[in-house]
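Working notes, beginning with the structure itself.
The values are calculated or read from the model by the stated rules, or taken from the named source; none is laboratory data. Values in this document were obtained by computation on a predicted structure and should not be read as measured data. As a convention, Cβ positions derive from the backbone with ideal geometry for all residues, glycine included, and neighbour counts pool all protein chains shown. Please note that ligands, DNA and RNA were not included when accessible areas were found on the heavy atoms of the full protein model with its side chains. Shrake-Rupley method; radii C 1.70, N 1.55, O 1.52, S 1.80 Å.
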Amino acid sequence: MIPFLDLKGINAQYRNELIEACTKVIDSGWYIQGNECKAFEKEFASFCGTRYAIGVANGLDALSLILRAYKELDIIKDGDEVIVPSNTYIASILAISENNLVPVLVEPNIDTYLIDPERIEEKITSKTKAIMSVHLYGQTCEMDKINKIAKKYNLKVIEDSAQSHGAYFKDKKCGNLGDASGFSFYPGKNLGALGDGGIVTTNNEELADTIKALGNYGSHTKYENIYQGTNSRLDEMQAAMLRVKLRFLDSEIKVRRETADYYIENIKNENITLPTLRTNNNHVWHLFTIRTNKRTELQKYLLDNGIQTLIHYPLPPHKQEAYRKWNNESFVISETIHDEILSLPISGIQKIEDTKEITRLINKWREK
Ligand SMILES: *Cc1c(COP(=O)(O)O)cnc(C)c1O
C-alpha cells in the first residue's frame, strides 16, 4: 500500500532532534511564551523575509486575528466585505465570517485553481476592504495583479499561506507578498507541528503588535488589557519542534518538486488533466491534484492497486450547510473542480519507485 501521506515516516526522520527539543522544553519549566516561541518567530520571519512573525494557536486563528486586528485599528468594520476564492478550504472563509465580515466569493482560474485576478474587480463594492489570496495546493497567486487591484481600491491583501510555506512569487516568498499572511502548522501541512500551530507574518509593526496582544487576552503587559482579546498562542513544545523541522523544510520541498516534475513529465493519459504551474519555484506542491471526469472510477482503480488518494475538497464552500444562504448560487468553475479533482500521494519523503509505480498505474488506466 502506498499511503497518501506517511506522517509517522516524515517525523521519524527527525526523531532524535525532536526528542531533544522536547526534553529541553520539559526541563526548562517554561511552557508558554518563552524562548522557543520567540526564537521560532525570528527564524520563521527570516525564512519568509518579513520583519515580524507572531506565533498563534492554529492557521484559522492566524487569518482571523489579522482581520480582528484590522478591526481594532479601525481599518475594517463589521459588515465590510472580504474577497476570497470560491474553491478555498473552508477555514479561509470562516476567518472572515467569524469576524462579522462578509466573504465575497470569486471564481478561480480552472488551470491553476487559484483566484482569478480578472474576476476580482467586478466584485468590488464600497464595502470591500480586503482580498484574501489563498495560495492553494502550494502555488502562489498572481500577486502582481492582485496587489495592483488592491492599490487601486485601497484594499488590504491578506495571504492564506497555510499550504504554501516556502513558495515564491518572483523574488519574494509567500508571507511577504501582501500586507499580512496566515500560516498553519497542522501536522499534514508542508511544515507541520506535532499538534496544532500557526503564525502570522507581516512587515507592519503596529499590526504585529496588535495581533500579539489580541492573541494574549488583549494584553501587552500582564493584567493590563487594552483589547477584548482571546487566547491563541503557539506553545513552547510545538515551537521547539517546528524549529527542528524548519531546518529541513527546503530539502523536503526539493523532494516534493522532484516528485511533481516526474508526475508532470510522465503521466500521459487523455482522461487526465495535470496541474498547471507558472514557474518551478512558485509551487511547493502541498498537494498534487489532477482532474478527471471519471474520478470515482480512477480513485477506486488506484485503491484496488494499493494507492491511496484523497479529494481536496469534495464539496465547495457555497454548497456547505454552514453557508446555507449560498446553496442556490452557482460557481461553475469551483463546482467543476470539486467534481473532478483528485490528489495523488506526494510528500517530502516519497520514494521515486512509488512515484513511478503510481504513474505506471495511471498510464495503464483506460476508462471502460
Ligand atoms: C489548513 C488550512 C487552514 C487552517 O489551518 P488550521 O491550522 O487547520 O486551522 C486555512 N486555510 C487553508 C487553505 C488551509 O489549508
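Points worth noting:
- Scalar couplings 3J(HN,Hα) for the stretch 196-208, obtained by applying the Karplus form with A = 6.51, B = -1.76, C = 1.60 to θ = phi - 60°, are 8, x, x, 7, 10, 10, 6, 9, 9, 5, 5, 5, 4 Hz; x denotes Gly and Pro.
- From phi via Karplus (6.51, -1.76, 1.60), per-residue ³J(HN,Hα) for the stretch 287-296 in Hz, x at Gly/Pro: 10, 10, 10, 10, 10, 8, 7, 10, 4, 4
- The chain: antiparallel DSSP beta bridges as a percent of all, rounded to 5: 60 percent
- For the stretch 144-280, Kirkwood radius (reciprocal of mean inverse C-alpha pair distance, Å): 17.6 Å
- Over the chain, equivalent-ellipsoid semi-axes from the Cα gyration tensor in Å: 33, 27, 17
- Shown are TRP365, TRP30, whose ranking by accessible area with a 1.4 Å probe and every protein chain present, most to least, is TRP30, TRP365.
- Within the shell defined by Cβ-Cβ distances under 14 Å, the residues around ARG51 carry a net charge of -2, with Lys and Arg each +1 and Asp and Glu each -1.
- Accessible area of the chain belonging to carbon and sulfur atoms, whole % at 1.4 Å probe: 48 percent
- Under a 5 Å amide H cut-off, with hydrogens placed 1.01 Å from N, ILE307 pairs with ILE2 among residues at least 5 apart or on other chains.
- Accessible area per residue, Å², the stretch 82-233 with all protein chains present, probe 1.4 Å: 38 Å²
- Annotation: peptides 320-329, 206-215, 228-237, 20-29, ranked by per-residue average of other Cβ atoms within 10 Å with the highest first, follow the order 206-215, 228-237, 20-29, 320-329.
- Entries of LYS173/LYS254; LYS156/LYS222; LYS42/LYS71 with Cα pairs more than 23 Å apart: LYS156/LYS222; LYS42/LYS71
- What separates the Cα centres of the stretch 259-290 and the stretch 107-169 is a distance of 21 Å.
- The value of relative contact order for the chain, using C-alpha pairs under 8 Å at least six residues apart, is 22 percent.
- Solvent-accessible surface (1.4 angstrom probe) belonging to CYS48, in square angstrom, nearest 10: 10 Å²
- Between the amide H of VAL102 and those of GLY79, ASP80, GLU81, VAL82, distances stay under 5 Å, these residues lying 5 or more places away or on another chain, with hydrogens modeled in the peptide plane.
- Residues in the stretch 268-284 carry Karplus couplings, in order, of 9, 8, 5, 7, 10, 9, 8, x, 9, 10, 7, 9, 5, 8, 8, 10, 10 Hz; the curve used is 6.51 cos²θ - 1.76 cosθ + 1.60 with θ = phi - 60°, and Gly or Pro positions show x.
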